[in-house]
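One structure is given below, encoded as structure tokens.
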Amino acid sequence: MNKLFENKRNPIFLYLVIIAGTGLLAFAIKCLFDPVGLVTGGFTGIAILLKSLTGFFYEGGIPLWFANLALNVPFFLIALKLKGKKFIWRTGFATVLLSVWLYVIPDMDFAGGDYTLASIFGGVLVGTAMGMILWANATTGGTEMVALLLQGWMKHYTVAQIMQVLDGVVVLVGLYVFGLRPSMYAIVAIYISSKVMDTILEGMKFSKAAYIITDSYEEISKRIMEELERGVTGLDACGMYSGERKCVLYCVVSKKEIVQLKELVQKIDRNAFVVVGDVREVLGEGFFKL
């Protein structure tokens, strides 16, 4: 087991992540979104619509697991022909597994009909699940697969742009079927899930980057390296107003150290020009391993 987790890109580990991610996604869809009619786009959103619309002809409507699988099959066959087996292997595994989870998980309403709880917790769970699945280099098919295929004929649009249009259409149909209130909460869920997914994919290793323009660059860089034990990079620059050559110091520090860095610069050169910005993720010596 230790060898399994030594390399987080181990294929077995990736498949375990996909299994956990699809299970979490299925739980959010079946136990939070479906009971209150939150249509958040994608084929799972269409599956929720089909279940509701076919309830008049078939008791309980078309099951979510069946609708998700049936919608994906034709597009996977097209992708198999155009892109090859290698392209769809993990995505096919994740898509089938999502349908299996939707079949296995019992019908429950964990939010108790509360739209706020369903949208917030559902959004967090979906964002976490999709972040895990995408991190493992897979998708669950759906509108992403359709967008990828359409982009082959619509090269002036990105996959993300096509996906937004497709998901937007699904949400609009959900507005017609379930009404305004569920659709508004669905948009809240989409926003939350996208933020959570970005956090998982991009990491939570926030830091601060500082650009320091000063005539005392040698002393300041020396003090930073000695007192903060952080590396500093000198960038050659030219002041466009004065025409003078300058050395701009560039340094990345933790959020706690940025206060100490500003105080250090202020003590040495009160006329220094300092620009501080947020850094989403820092990999390398002194931070996190690449």
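The values are calculated or read from the model by the stated rules, or taken from the named source; none is laboratory data. Owing to the predicted nature of the structure, the values given are computational and were not obtained by experimental measurement. All Cβ positions, even for glycine, are placed from backbone atoms using ideal geometry, and neighbour counts span all protein chains on display. These area figures cover heavy atoms from the full protein model, side chains too; ligands, DNA and RNA do not enter into them. Shrake-Rupley method; radii C 1.70, N 1.55, O 1.52, S 1.80 Å.
Worth a mention:
- Using alpha-carbon coordinates, inclination of helix 115-135 to the longest axis of the chain, degrees: 70
- For the range 12-61 and the range 122-171, distance of Cα centres in Å: 16
- Tilt relative to the chain, helix 11-28 - C-alpha long axis, 0 to 90 degrees, to 10: 60
- Å² of accessible area per residue within the range 13-165, as computed with a 1.4 Å probe and no ligands counted: 49
- Portion, in percent, of the accessible area of the range 123-265 that falls on carbon or sulfur, probe 1.4 Å: 60
- Here each label is just a point 7 Å from Cα along the line to Cβ, and for Met108 and Phe93 those points are 2.8 nm apart.
- On Cα atoms only, tilt of 42-53 relative to the major axis of the chain in degrees: 30
- Segments 74-81, 56-63 sorted - mean Cβ within 10 Å per residue, highest first: 74-81, 56-63
- Residues within the reach of a label modelled at Met240 (point 7 angstrom out along Cα to beta-carbon, backbone nitrogen below 20 Å), restricted to the range 213-229, are 213-214.
- Choice from Val248, Val104, Val173 with maximal GNM fluctuation in the chain (Cα, 10 Å cutoff): Val248
- Equivalent ellipsoid semi-axes, the chain, via Cα gyration tensor eigenvalues times 5, rooted, Å: 48, 21, 20
- GNM flexibility winner over the chain from Val177, Val96, Val253 (Cα, springs under 10 Å): Val253
- Rounded to the nearest 20 debye, dipole of the range 54-140 from Cβ charges on Lys, Arg, Asp, Glu: 800
- A Cβ-based charge dipole, computed about the Cα centre of the range 121-241 with Lys and Arg at +1 and Asp and Glu at -1, lands at about 600 debye.
- Ratio Rg/Rh, restricted to the range 154-235 and using Cα atoms, in which Rh is the Kirkwood radius: 1.34
- Global form of the range 37-138, assessed from the alpha-carbon gyration tensor, a/c cut-off 1.5: oblate
- Projected onto their three principal axes, the Cα atoms of the range 7-51 cover extents of 40, 17, 13 Å, largest first.
- Using Cβ point charges alone (K and R +1, D and E -1), the dipole size of the chain about the Cα centre works out to roughly 680 debye.
- Residue pairs, from the table Lys195/Lys262; Lys51/Lys155; Lys246/Lys267; Lys222/Lys255, whose Cα atoms sit over 24 Å apart: Lys195/Lys262; Lys51/Lys155
- Helix-derived mean residue ellipticity, 222 nm - over the chain, DSSP H n ≥ 4, -39500 (n - 2.57), to 500: -19000 deg cm²/dmol
- Considering only Phe76, Val173, Ser193, and ranking their Cα positions along the charge dipole of the range 65-206 that arises from unit charges at the beta-carbon of Lys, Arg, Asp and Glu, the one farthest toward the positive end is Phe76.
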